[in-house]
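Undergrad: This is the structure I want to talk about, given as structure tokens.
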Amino acid sequence: MIVAGCDIGSLSAKAVIMSNGNILASHVIYAKPEPEELAREVMDGALKKAGISMDEIKYSIATGYGRNHVPFTNGSESEIACHGRGAQWIMPDVRMVIDIGGQDAKAIRLNENGNVIRYAYNDKCASGTGRFLEIMAGALDVELEEMGEISLRARNPVTISNQCVVFAETEIISLINEGRDLSDIISGLHRSMAHRVASLAKSIELEATITMTGGVAKNKGMFTALKEALGVEIRKMEADPQIMGALGAALFARQAVSGNKQA
Amino acid sequence: MIVAGCDVGSLTSKAVVLNSSRILGQVIIKSGFKPEESAHQVMEEALSRAGLSMKDIGFCVGTGYGRDRIPFVGKSVSEIACHAKGAQLLMPTARTVIDIGGQDCKAIKLDAKGNVVKFFTNDKCAAGTGRFLEVMAKILGISLDELGTLSRQARSPLSLASTCTVWAQAEVIHHLNARKSKADIASAVNQAMAGRVAILARSVGIEKDVCMTGGVAKNTGVVSALEKQLNVNIRRLRTDPQIVGALGAAVFAKQRMEGA
């Protein structure tokens, strides 16, 4: 039985195709303004990798902020439920997921069945979301994907005193003008962001085992900074952390068909 | 007895030269990178307008975010105290002052003598500060002044759902792409700005008369949106609202000379 999950986020779109409890293919592309077109494109990419066609998909579920604009799915699920479900399927002992998306951050606590028992969410303030790093990358004229690597060279990380993205951007421009090292600035930015995300996670109480999902989880500097800010260990996601939402959606699709999540 | 006040803010620096209660010279300039230099420049210009030189000044008080780096002042006083004091000189009946600066916003409750009774300030979040308007004006490709005048031509009301400047900016871009008129967008920006400031103003408790200080007080769109949201008349000051902090600093200088 073949099922699919499609996660339409603000910055990227993800699709996962599963066959009989295995991941057949996954695909990630950058977002574009038209959500319908975006959904088709990412799903086509995944179908191509899997070597199958759309009519072979028995059931599919959409998630993410554009989930209601996906034309071909059978239903939709919240990102929170999907990230929890996906992460725990990969790592069964996970009880807390910290997901940093392009425009939000979530801390999710799960029970042993992968169901959400508590969560905290920020999409009101850009600080502590992927957008923070995106704007800072622009101001520093580096690629978002390079930030993690560059930050590992930091000797003397700066302290960013502003939480607000707008004010922090001005602050780092002064730091550049003062001649501060790029790696020290980026490392300081990761710490500042980690502090913000850690407060969100602590608001629902930390529970081991903790893992990180979302594109930002691939940033090594951010991963370490978050571990330090939380003061506890975080287990590295044992699959691409960016596809966890789409994977969770595929798992919900499978459950819908079989009526049993263990199927 | 001639005194002066110097207000070095994040975006602009202001100086006022005062003889008893009469303003002899007032100047506003853009702040440079060094507060010391901005302070010197603005004070020199204010003195030259007054036809005076530094040695004629009996006492000078500094205020604003760069106040501790002004070399020629005898004392520095908080912006909150200065805005209250300056507003009270211009409008003795003022009991609430809403000051919107380039990077912060304050709601101040004062007594009949211009002393601060209570205040709330936001300098943590750009929403509800001059910075919010600056970001939006830039995206709209218009000046800060136009943002106020343009909003009066708004025909079909729009609104911004986000508080955060970053998200609101994305909404403005979305409206522009949807070919909404700049006047309608400008109005939505001013409404959003007023909404944020109103929360701060309500938390301090609105008591009449209400006046506004700081550069944003010149934006008629924000002022009238705020009047509607607070359901109160905001009385206009008889001078440039942007110099009120510097004026208040000068009043403190005068009181110091009088030994009060």
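Undergrad: Does the stretch A:154-170 contain any residue that is closer than 30 Å to A:ARG254 by Cα, more than 16 Å from the chain's Cα centre (by Cα) and of a type in the set (D, E, K, R)? Reasoning before the result, please.
TA: First pass over the stretch A:154-170, keeping only residues closer than 30 Å to A:ARG254 by Cα: none.
No, the conditions are met nowhere in the stretch A:154-170.
Undergrad: While we're on this one: When the stretch B:140-186 is examined, which residues are found to be within 23 Å of A:LYS124 (Cβ to Cβ), small (Gly, Ala, Ser), touching a residue at least 24 places away in the same chain (Cβ under 8 Å) and in a helix (DSSP H, G or I)?
TA: The answer is B:ALA168, and nothing else.
Undergrad: Restricting to the stretch A:135-167, name every residue that is of a type outside the set (S, T, N, Q) and at the interface with chain B (Cβ under 10 Å from one of its Cβ atoms).
TA: A:ILE135, A:CYS164, A:VAL165, A:VAL166, A:PHE167
Undergrad: Out of contact with any Leu (no Cβ under 6 Å at 6 or more places or on another chain) and either under 20 Å from B:ASN219 (Cα atoms) or away from chain A (no Cβ under 14 Å) (or both): is that true of B:LYS124 in this structure?
TA: no
Undergrad: Filter the stretch B:212-236 for residues that are surrounded by 24 or more Cβ atoms within 10 Å (Cβ to Cβ) and part of a strand (DSSP E or B) and give the result.
TA: B:MET212, B:THR213
Undergrad: Please find, within the stretch A:114-128, the residue that is most open to solvent (accessible area, probe 1.4 Å) out of those that are free of Cβ contacts under 8 Å to residues at least 40 places away in the same chain and out of contact with any Ser or Thr (no Cβ under 9 Å at 6 or more places or on another chain).
TA: Of everything passing the filter in the stretch A:114-128, A:ILE117 is most open to solvent (accessible area, probe 1.4 Å).
Undergrad: Continuing with this model, one more query. Out of all the residues in the stretch A:156-180, which are crowded, with 17+ Cβ neighbours inside 10 Å, out of contact with any Asp or Glu (no Cβ under 8 Å at 6 or more places or on another chain) and not in a helix (DSSP H, G or I)?
TA: Listed by number, the residues that qualify are A:GLN163, A:CYS164.
Undergrad: Would you please name the residue that is surrounded by the fewest Cβ atoms within 10 Å (Cβ to Cβ), looking only at residues in the stretch B:138-167 that are within 14 Å of another protein chain (Cβ to nearest Cβ) and of a type in the set (A, V, I, L, M, F, W, C)?
TA: Per the criteria, the residue is B:ALA161.
Undergrad: Then there's this: Being in contact with a His (Cβ under 6 Å, 6 or more places away or on another chain) and more than 20 Å from B:VAL77 (Cα to Cα): is that true of B:ILE185 here?
TA: Spelling it out, B:ILE185 is indeed in contact with a His (Cβ under 6 Å, 6 or more places away or on another chain) and more than 20 Å from B:VAL77 (Cα to Cα).
Undergrad: Okay, next question. Within the set of pairs 6+ apart or on separate chains, which have a first residue in the stretch A:214-243 that is closer than 16 Å to A:LEU189 by Cβ, a second that is surrounded by fewer than 16 Cβ atoms within 10 Å (Cβ to Cβ) and of a type in the set (A, V, I, L, M), and C-beta atoms under 7 Å apart?
TA: If the second residue must be surrounded by fewer than 16 Cβ atoms within 10 Å (Cβ to Cβ) and of a type in the set (A, V, I, L, M), the pairs left are A:LYS220/A:LEU152; A:GLY221/A:LEU152.
Undergrad: Follow-up. Out of the residues in the stretch B:22-53 that are touching a residue at least 40 places away in the same chain (Cβ under 8 Å) and under 21 Å from the mean Cα position of the chain (by Cα), which is least open to solvent (accessible area, probe 1.4 Å)?
TA: The extreme case among them is B:ALA46.
Undergrad: Hey, another quick one. Could you list, in sequence order, all residues of the stretch B:54-70 that are surrounded by fewer than 19 Cβ atoms within 10 Å (Cβ to Cβ) and touching a helix residue (DSSP H, G or I) at 6+ places or on another chain (Cβ under 6 Å)?
TA: B:GLY58, B:ARG69
Undergrad: Here's another thing I want to ask about it. Report whether or not B:GLY64 is modelled with pLDDT under 95 and under 21 Å from the mean Cα position of the chain (by Cα).
TA: So B:GLY64 passes the test.
The values are calculated or read from the model by the stated rules, or taken from the named source; none is laboratory data. Please read these numbers as outputs of a predicted model, since none were measured by experiment. Positions of Cβ are generated from backbone atoms using ideal geometry, with glycine treated the same way; all protein chains shown enter the neighbour counts. Surface areas here come from the heavy atoms of the whole protein model, side chains and all, with no ligands, DNA or RNA. Shrake-Rupley method; radii C 1.70, N 1.55, O 1.52, S 1.80 Å.
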